[in-house]
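Inspection log for the structure reproduced underneath, given as structure tokens.
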Amino acid sequence: MKKIIVTLMLSVCAYVQVSHAQDALELQNTLELEARPAWGEQTVEALQHAAEEGVAHAQVKIGLLYEQGDYFEQDVDEAAMWYLLAASQGHPQGQYNLALMYIDGVSVNSDSSRAMYWLEEAANSGYMPAILHLANYQKMQLDSGLGNINWIEAAANKGDHLSQLTLANYYLSIGVASDTVAKAEFWLINAAQHGMLEAQEALAGLYLVTDYQLQDEIKAQYWHQRVLDTKMDKQLQETVDNNE
């Protein structure tokens, strides 16, 4: 039963990610393939040769071409083979792409344990799509009352504002000790300074309430004004977008 729940949560993570994340991977894969019209047959043949010679980056590119159906007839089994070869050499994108196949049951049987293994291998190499995926998984666990935040922290430290907000809310939820509140304030400021409205609103409120011993009317007014400015900017942008 636990394995089924983990599989479902991993599957949801594959779709929920995305102001963030879905995608960092989709973005990277798109960038990888954007230049493909300039690739001639000789270039693809050279890439194929490099992949067959064991060059991991070339193996990932060939896997993408098979998975997307570019230059080759679409063949997810062939893609999975190339991803596995690259993943086994420690290539983080190959590891991540292979993990997604285990999550979705594409070419391979759905397997949450193997998916988690390859996700963590890629994340441990600093591959942002994998870190975001694992962070999102942990956010869902926090919502279910379970607590592990190492990948949320990793994503926050790499500048993911949603993870920063999640960490702040987590610290505020576990107590009012000064060190805990200081961590929450730190992550809220990080997210708020980059224009995250929810973090700005949280800071404005944080400096008004007495519970956390951070009362500061000047700071509260400052962040309240930032909230108004951010909302105004969003409204102006929406007007521009609607008129285009």
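The values are calculated or read from the model by the stated rules, or taken from the named source; none is laboratory data. A quick note: this is a predicted structure, and the numbers were derived from the prediction, not measured. With ideal geometry, Cβ positions are generated from the backbone for all residues, glycine too; neighbour counts draw on all protein chains shown. What goes into the accessible areas is simple: the full protein's heavy atoms, side chains included, and nothing from ligands, DNA or RNA. Shrake-Rupley method; radii C 1.70, N 1.55, O 1.52, S 1.80 Å.
For segment 199-215, a residue qualifies if it is farther than 21 Å from Thr166 by Cβ and surrounded by 12 or more Cβ atoms within 10 Å (Cβ to Cβ), and the qualifying residues are Leu208, Gln215. Consider segment 178-232 and keep the residues that are in a helix (DSSP H, G or I) and among the hydroxyl-bearing types (Ser, Thr, Tyr). The one that is nearest to Glu153 (Cα to Cα) is Thr180. Surrounded by fewer than 20 Cβ atoms within 10 Å (Cβ to Cβ), under 25 Å from the mean Cα position of the chain (by Cα), β-branched (Val, Ile, Thr) and closer than 30 Å to Gln93 by Cα: is that true of Ile174 in this structure? No; evaluated as a whole, the condition is false for this residue.
Consider segment 102-122 and keep the residues that are open to solvent by 30 Å² or more (accessible area, probe 1.4 Å) and of a type in the set (S, T, N, Q). The one that is modelled with the highest pLDDT is Ser113. Residue-level check: of (1) under 30 Å from Ala51 (Cβ atoms); (2) in contact (Cβ under 8 Å) with a residue 40 or more places away in the chain; (3) open to solvent by 10 Å² or more (accessible area, probe 1.4 Å), Gln141 misses just (1). So which residues in segment 149-165 are in a helix (DSSP H, G or I), open to solvent by less than 30 Å² (accessible area, probe 1.4 Å) and either touching a His at 6+ places or on another chain (Cβ under 8 Å) or among the polar types (S, T, N, Q) (or both), if there are any at all? Selection gives Ser163, Gln164.
Residues in segment 102-133 that are without any contact (Cβ under 8 Å) to a residue 24 or more places away in the chain, touching a Phe, Trp or Tyr at 6+ places or on another chain (Cβ under 9 Å) and assigned to a helix (DSSP H, G or I): Tyr102, Arg114, Tyr117, Glu120.
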